[in-house]
1. Given a Förster distance of 25 Å, report the FRET efficiency between Ala77 and Ala101 from their Cβ-Cβ distance, rounded to the nearest 0.05.
2. Starting from 0.36 nm per residue, how many nanometres of slack lie between Leu313 and Ala2 once their C-alpha separation is accounted for?
3. Give the peptides 285-295, 18-28 in descending order of average Cβ contacts within 10 Å, highest first.
4. In region 167-203, which residues have a backbone nitrogen under 15 Å from the label point lying 7 Å from Phe113's Cα in the Cα-to-Cβ direction?
5. Mean Kyte-Doolittle hydropathy of 1.0 or higher plus an axial Cα length of 15 Å or more: which whole DSSP H helices in the chain meet both?
6. State log₁₀ I(q)/I(0) for region 166-228 at q = 0.15, 0.19, 0.25 Å⁻¹ as given by the Debye formula over alpha-carbon point scatterers of equal weight, solvent excluded.
7. As a check on your grasp of the helix formula, calculate [θ] at 222 nm for the chain: sum -39500 (n - 2.57) over DSSP H runs of n ≥ 4, divide by the residue count, round to the nearest 500.
8. Grab the alpha carbons of region 1-51, take their convex hull, and tell me the volume per residue in Å³.
Amino acid sequence: MAPILSIQYLRAVAAMLVVFSHAGERAGVDFQIGAAGVDLFFVISGFIMWVVVRPAVTGGGAFLRLRLIRIVPLYWAVTLGLVAVASINHAWMPNFDTTPANLAMSLGFIPHFDPSGHIYPVLAVGWTLNYEIFFYLLFAASFALERARRLPALAAALLGLVAVGLVARPEGAIGVSVTDPIMLEFLAGLLLGEAWLRGRLPGAGMGYGLMLAGLAMAAAQHLGGWHSDAWRVLLWGVPALLLITGALAVEAAGQVPRLGWLRLLGDASYSIYLLHGPLVGPVMRLMPGAPVAVYFLAAAVVSAIAGIVCYWLLERPATRLLRRGVARAPRVATT
């Protein structure tokens, strides 16, 4: 299956938004809206799972193996690499909790509270991967059903989990995570994927309108300072869904240009996402007194270059090698 360009472009946008968000934290600038890049990623993840998994994939185990090959090796490599750096000189990574228990749960994608009371693994951005892995487990379990029944079953499971969270108010890290309303963003992506496959997206004109509406909602939220984790799905998830739906509608109409550099950033978005955290701090320390705009640009450029190099030299070769090594693995389109 040929890559869907608008999705690749939006993956690049999502990764760079997260970079700007963390650069803003370092610089003392409010760019919290950049964290909405995660919401873009979650909707995209649900869409990709529903659209690119080919009929040849008949077993949840095969699907899960291929997804783990895509996600786990690089995450483990970056986490263990940073742990090694912290063990050499903890002052370089002062916020790293590298106790054996924390490291084991981090590598196992088990949500847990860190010493500051947040549900963060050793590599803080990995909190999103805990959600991804749980979603993959649900998706793999749905393969026990006929394809026509999978989407209703997944919708029921995700809605049910969120309902349990709203009623039971769990306090444990795992319970809090798997019942968080943010799980509904995966469901939104699944539903959008079904609309794409059935050719039920709006026309290009409406697509542009949806994109503008999503951007306007995000801008208004940012300028107004309206944010609450409890309402994240509405404040950030809905604009993300509008933006992605609009972009797909424009692509379905054949109006998405081919931009090689943006496609490359999209390909490298996972590497950029994992690597940028340890980079934005040193970039700021190397630029004392620089204007914020210059610092943001430098953080983005350094993160993008590091991510692209990692993608070319480590992520892509390792993924291809491991996929070839999976005996008789059903084919899944590369995402």
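Nothing in this text is a laboratory measurement; each read-out follows from the coordinates by a stated rule. Keep in mind that this is a model prediction, so the values were computed, not measured. With ideal geometry, Cβ positions are generated from the backbone for all residues, glycine too; neighbour counts draw on all protein chains shown.
1. On the way: r = 21 Å, r/R0 = 0.83.
Calculated value: 0.75.
2. 109.7 nm
3. 18-28, 285-295
4. 170-177
5. Numbers: long enough: 5-27 (33 Å, 0.86); 37-52 (21 Å, 2.12); 60-88 (41 Å, 1.49); 127-141 (22 Å, 1.11); 147-168 (31 Å, 1.46); 184-197 (20 Å, 1.46); 204-224 (30 Å, 1.03); 238-252 (21 Å, 1.94); 292-310 (27 Å, 2.49).
Helices meeting the span and hydropathy rule in the chain are 37-52, 60-88, 127-141, 147-168, 184-197, 204-224, 238-252, 292-310.
6. For region 166-228, the Cα-only Debye profile gives -0.76, -0.94, -1.03.
7. Value at 222 nm, helices only, nearest 500: -21500 deg cm²/dmol.
8. 56
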